[in-house]
Structure formats: structure tokens, C-alpha cells
Amino acid sequence: MLTRVSPRRRATLAGLALGLGLVASPAVADRFVSRASSWNAARTSIHTDVIVERDDGRRELVRVPGGSVDGLAMRHLPLGPFSDSPLLRFVRERTAGSGAPLAWQRSCVFVRADATGTVDLAGDDELAIIERVLSHWETETEECSYLRVVRDTPTPAVAGYDGENVITFHEYAWCAPGGEVCYEPSAMAVTNLFHIDRPGHPSDGTLIDADIEVNAVHFAVSACDDSGCTTTGEGPRADLANVLTHEVGHLFGLDHTCFDGPEGASEPPLDGAGQPVPRCEVGLPAEITDATMFNYSQSGEIHKATLEPDDVEGLCAIYPRADDPGLCARALDDVDEGCCAVAPGHRKEPGTTTGAGLFALAVVLLAARARARRKRGG
């Protein structure tokens, strides 16, 4: 995800929580006192309650999205605007427990676009942009990678741990469904990755669910090109293709290209060449800041919408054609309920609908939107 925070910030809760795969609002802290992860009430996402002690001795409880419960982890990855030279190599997402790289264990990934879309764009323009982004990833990597995206029919969708990988838009509250935890207002979008986090187990690092959520509350979701941006929204322009090309990289298992954790709190990840990822600082070389997987973005930026050679190399290294498992099926079927915690009522067979609670929430959101804002034609 991209966040609107200074890369020169002091030790923050966000950085200190990197071991959990968390991102939170900046808050100066000396140390963690305690932290505990749990499911939300609907058991569709994981959050962590962290007690931190400040420099002045005060203690505060902060709830942040992400964490690990009984061998199943959720990583919360934001994307936001940059406030202000080593050769870049791709960087992989890894588990917090063993550092195992994250990857899908099937030949394909099923993705469903939220048919509700956003009123910031006319008609079904957002669906066309989603298709263009997915096709761009496939076209640029088809000669060296076996991974393909299966497009599920767009329907009203809600993010959460349910075996469906969805791309959704938030227009009224920039919070996880259920409202137990909200996201950084500065994040243009977030990707939540659910994966097995069980060191030593054969399935450690296996991706099983990924949801991309776009912030249409604090940003104007836009269709931009060199001549400008088209949108009916208000606020900083977030070009949808620019945002989604980055977020889909997370969905496939790629990490950010610079490290924004505080000094000494955790070690930076290694890139594809085995070198530590450079810190996020002003003055980084273009090889890093121009990359699709760079952590930050400017209003109206469009250059992340096209892949760089390192992005292609990353996907092809994770999913090389020679290693094609030859099986296209939904990933939640990979979960062994004997080894890991699986949210009750959310195991699904291919082609079935989501749980009744999630579907009801989607209907409520649709009804609220119909009353409060104009509907698109069609």
C-alpha cells in the first residue's frame, strides 16, 4: 500500500509493527508493552491490539490491521503519496514467523471486481481499468511466468477472509468491514494478504486470500494520462491504473522496493539479489522510485501503471514456467484445517457464494449508496 507519511519519520508504531506485517498511523513510541492479535467479530479479518509506552511514560492502546492467529496471518500493505544507486531487484513478501516467501501454490489466481464500483468514474470505467491492469501484468510476464488470473464475474463484493480475492472501493468509511479497525487516511489503497504462518510446515508462506481495497473517501479515484485526470471525486487524484498495478503486485507476492521501518526495530528485507532493501529516504535513485512497487506516489501519478523490468523479473522468479503445478483451483482449498486456524463458515468450494453475513453487508452498502449518492447509468 502507499502511505502519506514522511520517509524520515522517527521510530513509529507502523515501523515497530513490521514484524507482524502491520501498518499503523505514525506514533512515537519507546517500546511495545504487549500486543495481541485476534479475529474481528465476523471472523473476516485480523487486527492487533498494541499497548505502547511513549517517550514521556504514557501508555496507549492502538488497534492496527493485520497480525497472526493460530498459524494464519494477515498482512496489511498500504500505498500513499511520497512527501518529498543501487540497482533495484524485486522484493518478495515474506512471513513474519520464518521469513518464508509468500506465493500462491496454484497455476492461477481468481479475482473478482466489485460491481458496485465508485461514482468517481463514469459508467463502468473502473471495471475496464481493472481488466486493463490484469491484462498488462499477464501480457508482460506470459513468456516467463505460468501464473494467470481468472476473472470471476463482477458482483457486489466485500473484502475479508472468505476465499475470494476481490477489488473493492470504499466511499463512506475508510475502515475494514465491520468497523473494528480503520485504515490510514493517507493510504490510496491497501492490500490485505492472508497466508499460512507456520514455521516448518510444508504450507508455510502459502497465500490463500488477498483483497485490494481502494480509498475513495480521502482520494478522488481517477483515470489519468499525460493531459490530466478525469474524475467526479474530490481530493488528491489517485489514478486507478497506477494504484492497482502496484496493489496487484502485492496480490502476487511482491513487496515494496524500499524499507520504511525505524532504525534498529527490524531488519530490512532482502531483494531478489540477496541484498538488503535500501531505506526509504529522499534522494533514492530512479531505479527505486520509478518502480511499480515503490512505496509512495504523487497525486495524479501514472508511471506505476506500466511494469518495469524488475517487476517482470520478480513475478517470473516466483512463478517460473518450468515450475507450473498444472492445477487451477481456488486457493482456500489448500488450507489444512488440522494445522491452521480457518475462519468458521468461510471455507468455500469453487463457484459458491460468500457467507450470508458478508452478502447481507454488501446489500446494505448498496442500499445506502443508492440513497446517498447518484447511481451510475445502466
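Read-outs: derived from the displayed coordinates by stated rules, not from any lab. Everything quoted here is computed from the prediction, not taken from an experiment. Glycine gets a Cβ as well: all are built from the backbone with ideal geometry, and neighbour counts include every protein chain shown.
Please report the antiparallel percentage of the DSSP beta bridges confined to region 76-334, to the nearest 5.
Numbers: 20 of 39 bridges.
Of all bridge pairs located within region 76-334, approximately 50 percent are antiparallel.
Using a 10 Å cut-off around each Cβ, can you sort GLU234, GLU267 from fewest to most neighbouring Cβ atoms? Spell out each step's value before the answer.
Numbers: GLU234 9, GLU267 13.
So the residues, fewest neighbours to most, are GLU234, GLU267.
Around SER98, under 9 Å between beta carbons, what's the net of Lys plus Arg minus Asp minus Glu among the other residues?
0
Taking a virtual spin label 7 Å from the Cα of GLN298 along the C-beta vector, which residues in region 180-199 bring their backbone nitrogen under 20 Å of it?
Correct set: 186-189.
Using the Cα centre as the reference, give the magnitude of the dipole from point charges on the C-beta atoms of region 233-332 (Lys, Arg: +1; Asp, Glu: -1; all else neutral), rounded to the nearest 20 debye. Numbers along the way, then the final one.
Working: 5 positive and 18 negative charges, 64 e Å.
Computed about the Cα centre, the dipole is about 300 debye.
Counting other C-beta atoms within 10 Å, which of ARG321, ARG148, ARG92 has the fewest, and how do the rest follow? Mind dumping the intermediate values first?
Working: ARG321 13, ARG148 17, ARG92 21.
Arranged by neighbour count, lowest to highest, ARG321, ARG148, ARG92 become ARG321, ARG148, ARG92.
Enumerate the calculated ³J(HN,Hα) couplings along region 225-238 in order (Karplus 6.51 cos²θ - 1.76 cosθ + 1.60, θ = phi - 60°), each rounded to whole Hz, writing x wherever the residue is Gly or Pro.
8, 5, 8, x, 10, 10, 6, 9, x, 10, x, x, 6, 10
Sequence-distant or interchain residues sharing an amide H contact under 5 Å with GLY66, placed H: which?
ILE46, HIS47, THR48
May I ask you to sort LEU254, LEU127, LEU193 by Cβ crowding, counting other Cβ atoms within 10 Å and putting the fewest first?
Going from sparsest to densest Cβ surroundings: LEU127, LEU193, LEU254.
For region 153-308, what does the alpha-carbon gyration tensor say about shape, rounded, prolate or oblate, given a ≥ b ≥ c as the root eigenvalues, a/c under 1.5 as rounded, and a/b over b/c as prolate?
Values: a/c = 1.75, a/b = 1.11, b/c = 1.58.
Oblate is the answer for region 153-308, as a/c is 1.5 or above yet b/c matches or exceeds a/b.
Give, as a single signed number, the net charge of other residues whose beta carbon lies under 14 Å from the beta carbon of GLY326, with Lys and Arg counted +1 and Asp and Glu -1.
Net charge around GLY326: +1.
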